[in-house]
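For reference, the structure is listed below as structure tokens.
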């Protein structure tokens, strides 16, 4: 009712102002402010609309009917008493001790083991349960025990030239007589890790040729290769560890490795020229050559000292250094020697096993007596209880290397580049061995090429080690 009263009062004011007899003032003389008038009209209209909407909502709410009340379902015909699941319909006597009787009627828990019918046999052993402090490393560590075998192969024709263009279909690999499917085949070059072993017990004329040829070693290597230098005479000596093949350190080390060699003289062990420098009344009084000493005997005959060539010790020292080089590199020992061996602490079998376990190949350049035609073949024969005249060829043949015999300076220099090229451009075959991961037994490898007139060179076999399963 408030809007109606306001509207009627406003109209009364306007009517009184319109009367002509009121103080002689006309309607036109009444000042009217249009802005205030418009605002007042708008306020009246909005208030009237809101009140009308509230009244309409109250009327609509009063006309909505109530929801129906819930009713019980009709009883089932022919059923007396409540329905109990599992027991059907019927009257159930209710007693105050019904709960205790129900608990007493429950059968006791069974002590028999459940039957195996429907048992999951997928995993019979429990999984590994790491300690709380080892949980995160155990979740992020992935261990795969796989015996992957890598076999570098060199293929030459009847003229000794390298054969290129072969595919994996041309190769067959056998381990212990069983063919293995290839899992890797590549002809990509590998960086080389070469340990040079220089024999300093050579004769002076042969040693002079070797000294002059050492400057050509860098010519056959690339900046990606690395070189270590060893020498031996009466024991192995490491000249330098692995350094860059094109570094300025390598020529300086090779220059320090040069020696004069030894001169071969006719041994004299009796008579006035026997080598005794101190004599009295025709008898030798040199304390170092008295009977019972290392160089003397009871008969007065001087025992000729034996030559010392510790080739086994030198190869073993180089192999130990090579075994620390990372994977993905060719591990090579390059020997410049006549192949003689005597006086080493390490045996041939032990050194060969170390090489075949650590995937090391032995290459070499035979000089001196072993490089002469005919004599080089005879020097491979060994008489019991005597010095080995040439044992280098055994290392080369069983580790998959190459031996080049050279007598001249030009041939020795070319052999460095030729053998480095062969080691870099080999076919690389890989397979997964069917043998146990680590059993300590030697495994024979045979590689065949399905093309006539070709010579295949590869390692004779290997000993498995823990490095193969990492």
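Can you work out the FRET efficiency for the pair residue 249 and residue 454, with r the C-beta to C-beta distance and R0 = 45 Å, to the nearest 0.05? It would help to have the intermediate numbers written out before the result.
Details: r = 40 Å, r/R0 = 0.90.
After rounding to 0.05, the efficiency reads 0.65.
Full extension of the segment from residue 350 to residue 156, taken as 0.36 nm per residue of separation minus the current Cα-Cα distance, would add 66.8 nm. By the beta-carbon count within 10 Å of each Cβ, the least crowded to most crowded order of 207, 39, fewest first, is 39, 207. Spin-label model, residue 434/residue 186: points 7 Å from Cα along the beta carbon direction are separated by 2.7 nm.
Could you state the orientation-averaged shadow area of the convex hull built on the Cα atoms of the stretch 368-470, in nm² to one decimal?
Numbers: hull surface 40.4 nm².
Over all viewing directions, the stretch 368-470 projects a mean Cα-hull area of 10.1 nm².
Where a number appears in this text, it was derived from the coordinates with a stated rule and is not lab data. Bear in mind the structure is a predicted one, so any value in this text is a computation, not a measurement. When we count neighbours, we look across all protein chains shown, and the Cβ atoms used for this are built from the backbone with ideal geometry, even at glycine.
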